[in-house]
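The values are calculated or read from the model by the stated rules, or taken from the named source; none is laboratory data. Quick caveat, the model's predicted, so the values are computed rather than measured. Cβ: placed from backbone, ideal geometry, glycine included. Neighbour counts: every protein chain shown.
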């Protein structure tokens, strides 16, 4: 099929995420290699978002392709009650890599399933029901995780499962808890402690956070926040669950983002970079004090594809690439280059409000005036952002544009030259948003 035939068939017979079909304009992708995507008619785009912030090791990595072929010649599937070499190898490797006493894992098929099962684990282990999460969070699109999610995608899925309480982030959308990190942390945690008092700490099982908020801003936590949150939750016996689905596996310049805060969560969820999206797989990692509860208590959860042999063999190969090929270190090194490029664009373009990044996890916000007003309102859009997005695609760069911001999350294999090449395309595209900027 040519590009249009592929698009027409997909439009006719499938639904697309978060979209009405009349407003979908899908991107035709035939193949991918390294940091590049290829269309059926010879198109080529730099993947500046690792697809869904997930293809951390790049597309079609030869070691992973070979691992898939090798795994296909071995055990493809065994029921979840089986002990397999793949299950033994991956769980042992994870226990070696995860810090502290995170030694036990429940395997799923993705991030939403991981968070869904983390909710069950937290409630069962504590005997409590309520779950805290933040308004600027996204944790998945299943029934419970949609309510765990704080962003506007939750609205159309309400009413949903009960017991979920949303709280303000340390970085709210339209105001600030303070000017310095210390002030922000102090004020946010004071507010959070009062909310815990109102809800009754004895009723709250856990608090879920994206360690670095992802699609809702790429917001690294203020310095001291993770340590302060850990201490506050410990005070009331509330578990801390770090959602590392997007931020984990090297994206931030550490293997896991919570390592930047020198803390250890009670539960960590992962997916995406675990297999670099080559095969669906997620995992819930838990500390020993959580896992030991299930030594003599039933875990009331199950999945047909739990500990899927093929997926686990592929995950092991992906992890080896991340660790052995220095991709965590590359993300940390090139994070400094991304920071410099963002600063350059901020100085050169009046429409650029601010760029944020931690490692190769980045986002740039666009403003419409010198007062710093976002070019698009909360959960809204602006014609200039649509034109900006089209320009990027027409000039060979793929990324996500959301509201008045856009993502900068390339595969961790990207080189400095390629990273600067991507920002050069963005530099030219920003002339579009500069045209609608009001005032100097």
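Restricting attention to the stretch 13-37, the residues that are within 24 Å of the chain's Cα centre (by Cα) and outside any loop (DSSP other than H, G, I, E, B) total 6.
Scanning the stretch 362-379 for residues that are in contact with a strand residue (DSSP E or B) (Cβ under 7 Å, 6 or more places away or on another chain) and either assigned to a strand (DSSP E or B) or on the phi > 0 side of the Ramachandran plot (or both) yields a total of 9.
Remark: pairs (first residue in the stretch 172-183, assigned by TED's automatic domain parsing to the domain that holds residue 223; second residue in a loop (DSSP other than H, G, I, E, B); Cβ separation under 6 Å; 6+ apart in sequence or on different chains) = 173/378; 181/222; 181/223. Selection over the stretch 330-361 of residues that are within 16 Å of residue 406 (Cβ to Cβ) and either in a strand (DSSP E or B) or modelled with pLDDT under 95 (or both) gives a count of 7.
Applying the criterion of at least 3 residues that are touching a helix residue (DSSP H, G or I) at 6+ places or on another chain (Cβ under 9 Å) and more than 26 Å from residue 321 (Cβ to Cβ) to the helices (runs of 4 or more DSSP H) found wholly in the stretch 79-167 leaves 111-126, 143-148. The number of residues in the stretch 5-30 that are out of contact with any helix residue (DSSP H, G or I) (no Cβ under 9 Å at 6 or more places or on another chain), in contact (Cβ under 8 Å) with a residue 12 or more places away in the chain and more than 23 Å from residue 153 (Cβ to Cβ) comes to 2.
Exactly one residue out of 215, 278, 252, 203 is touching a residue at least 40 places away in the same chain (Cβ under 8 Å) and surrounded by 23 or more Cβ atoms within 10 Å (Cβ to Cβ), and it is 252.
Collect the residues in the stretch 257-270 that are buried (at least 24 other Cβ atoms within 10 Å of the Cβ) and either at positive phi or assigned to a strand (DSSP E or B) (or both), keeping them in residue-number order. Answer for the stretch 257-270, where residues must be buried (at least 24 other Cβ atoms within 10 Å of the Cβ) and either at positive phi or assigned to a strand (DSSP E or B) (or both): 267, 268, 269, 270. Whether any residue in the stretch 313-334 is in contact (Cβ under 8 Å) with a residue 12 or more places away in the chain, buried (at least 16 other Cβ atoms within 10 Å of the Cβ), over 18 Å from residue 58 (Cβ atoms) and assigned by TED's automatic domain parsing to the domain that holds residue 107 is what I want to check. Yes - at least one qualifying residue is present in the stretch 313-334. Against the numbered list (1) surrounded by 22 or more Cβ atoms within 10 Å (Cβ to Cβ); (2) under 20 Å from the mean Cα position of the chain (by Cα); (3) farther than 19 Å from residue 172 by Cβ, residue 351 comes up short only at (2).
Total residues in the stretch 393-403 satisfying the condition of being without any contact (Cβ under 8 Å) to a residue 60 or more places away in the chain and within 14 Å of residue 429 (Cβ to Cβ): the figure is 3. Within the stretch 271-283, can one find any residue that is part of a loop (DSSP other than H, G, I, E, B) and over 18 Å from the mean Cα position of the chain (by Cα)? Within the stretch 271-283, none of the residues are part of a loop (DSSP other than H, G, I, E, B) and over 18 Å from the mean Cα position of the chain (by Cα).
Output yes when any residue across the stretch 170-182 is touching a strand residue (DSSP E or B) at 6+ places or on another chain (Cβ under 6 Å) and either closer than 30 Å to residue 353 by Cβ or buried (at least 22 other Cβ atoms within 10 Å of the Cβ) (or both), and no when none is. Among the residues of the stretch 170-182, at least one is touching a strand residue (DSSP E or B) at 6+ places or on another chain (Cβ under 6 Å) and either closer than 30 Å to residue 353 by Cβ or buried (at least 22 other Cβ atoms within 10 Å of the Cβ) (or both), which makes the answer yes.
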